[in-house]
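Peer 1: Dropping a structure here in structure tokens format, bear with me for questions.
The values are calculated or read from the model by the stated rules, or taken from the named source; none is laboratory data. Predicted model only: the values in this text are computed from it and were never measured. Neighbour counts are summed over all protein chains in view; Cβ atoms, including those assigned to glycine, are modelled from backbone coordinates with ideal geometry.
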Amino acid sequence: MASNDKGLEEIPEGQIESNYDEITDSFDSMNLKPELLRGVYAYGFERPSAIQQRAIMPVIKGSDVIAQAQSGTGKTATFSISALQKVDTNLKACQALILAPTRELAQQIQKVVVAIGDFMSIDCHACIGGISVREDMKALQEGPQVVVGTPGRVQDMIQRRVLKTDHMKMFVLDEADEMLSHGFTEQIYDIFQLLPQSTQVVLLSATMPQDVLEVTTKFMRDPVRILVKKAELTLEGIKQFYIAVEKEDWKLDTLSDLYETVTITQAVIFCNTRRKVDWLTDKLTARDFTVSAMHGDMEQSQRDVIMKEFRSGSSRVLIATDLLARGIDVQQVSLVINYDLPANRENYIHRIGRGGRFGRKGVAINFVTADDVRMMREIEQFYSTQIEEMPMNVAGNYLPVQPLSTPHKHFTNYLSQTSSKNLLTTHPSLLSCLPVDAFHHTTSGFNYFSLEVF
């Protein structure tokens, strides 16, 4: 770690400039421990993503690293693989500390570390609020090599001398912009001061606001700077559409009809406020739709149960807010619905990335009113992407076998009051844009014969 302000003005706010261009395009070329390499392939990786090709090697070599990349680019595996390569499995002491902005994200990171390190003698503990301090202390006293946590609980455990930093090799800040914007700055600075000067610092952030830049200049030594440009993001596996909804009040009927028409394998629906999440959950439940909801006002134990049910597949539709979007990484999610467009464009990829992790196929459907058009255009420009209107005929490689004979009751009202071309019921072929595994075929309305996945 360093402690100086030199070079702050050299990095423009918003986006860093890369100073490292070396690429390692295969995991076999990274000289990883055999048992770690086995875990990487067993986890399902075939080749490194753009961020992994650039960042894993400099981290393993010991450099301080700043990596600017969005959600869905493989950041978690980047620092997980690097940490597992560097830790001494024979030493029962914390050697890698990873901070995350939310409990759910910390738990997700822990799962990734444990899964990739499955063939190593590794212990990884999630040090987060919501579990008893006594339980936390007991786990830390056993000396896990990797600790993942949220700033408040980690700071508390270090100050209690339960989480010892004597053998700390690496300190990772994931989603640094989120942590600093949510008021964790003082706690993060305190943690920095409690770590050995020799600790390697790895910082990952989607954006580079001033408070993140200050961290990089105060606590990092000649860092390697890596920028994964928007053009390299993994949006290519996600089909993006919008449905023009003339009035806010009509969104519910539109969603109800979509929900009735298909049997969803797993989907996430995003709203902008906790109140809207609760309202939408109540409305859909009243219409006999099975949904789960999760937001920051809930007790941690309740959120844990909901996420466990969603990951297991017993709960198929989750309604959530942006704050919890980053803790959701479920293999089966292939549909994301933005009931509300995100309030800021940076959160768009955090949301729709749930449905296209590491290049998997996915679909994002955005409900857009007249007031949302400007934000949608900003999102398109920011990510150099195009969000297409749900067309009347997108059959492509899919063929409708049997048209839906009778429009659903909720959508009939919608169709009678809008000139939109988004005719889900009269033109069911528009649903053919969805990947095969997004839905089970229905028998009550129509079926599809799939020729191949787009």
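Peer 1: Which of the residues spanning the stretch 17-52 are acidic (Asp, Glu), over 23 Å from the mean Cα position of the chain (by Cα) and farther than 29 Å from Met208 by Cα? Walk me through how you get there before you give the answer.
Peer 2: Step one: of the stretch 17-52, the residues acidic (Asp, Glu) are 17, 21-22, 25, 28, 35, 46.
This time we only want the ones that are over 23 Å from the mean Cα position of the chain (by Cα), so: 17, 21-22, 25, 28, 35.
Those that are acidic (Asp, Glu), over 23 Å from the mean Cα position of the chain (by Cα) and farther than 29 Å from Met208 by Cα: Asp28, Glu35.
Peer 1: Could you tell me how many of the residues in the stretch 161-197 are of a type in the set (A, V, I, L, M) and without any contact (Cβ under 8 Å) to a residue 60 or more places away in the chain? Step through it out loud before you land on a result.
Peer 2: Of the stretch 161-197, the ones of a type in the set (A, V, I, L, M) are 162-163, 168, 170, 172-173, 176, 179-180, 188, 191, 194-195.
Now restrict to residues that are without any contact (Cβ under 8 Å) to a residue 60 or more places away in the chain: 162, 176, 180, 194.
Of the residues in that region, 4 qualify.
To keep it simple, each residue is scored yes or no on (1) among the hydrophobic types (A, V, I, L, M, F, W, C); (2) out of contact with any Phe, Trp or Tyr (no Cβ under 7 Å at 6 or more places or on another chain); (3) at pLDDT below 95.
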{"position": "Cys127", "(1), (2), (3)": "yes, yes, no"}
{"position": "Gln141", "(1), (2), (3)": "no, yes, no"}
{"position": "Val172", "(1), (2), (3)": "yes, no, no"}
{"position": "Glu175", "(1), (2), (3)": "no, yes, yes"}
{"position": "Met208", "(1), (2), (3)": "yes, yes, yes"}
{"position": "Ile226", "(1), (2), (3)": "yes, no, yes"}
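Peer 1: Among all residue pairs at least 6 apart or on different chains, which show Cβ distances below 9 Å where the first residue, located in the stretch 343-359, is closer than 20 Å to Met208 by Cα and modelled with pLDDT of 75 or more and the second is crowded, with 22+ Cβ neighbours inside 10 Å and of a type in the set (Phe, Trp, Tyr)?
Peer 2: Taking only residues 6 or more apart or on different chains, the pairs are Asn347/Phe270; Arg351/Phe270.
Peer 1: Would you tally the residues in the stretch 312-340 being modelled with pLDDT of 80 or more and within 13 Å of Thr273 (Cβ to Cβ)?
Peer 2: Number satisfying all stated conditions: 5.
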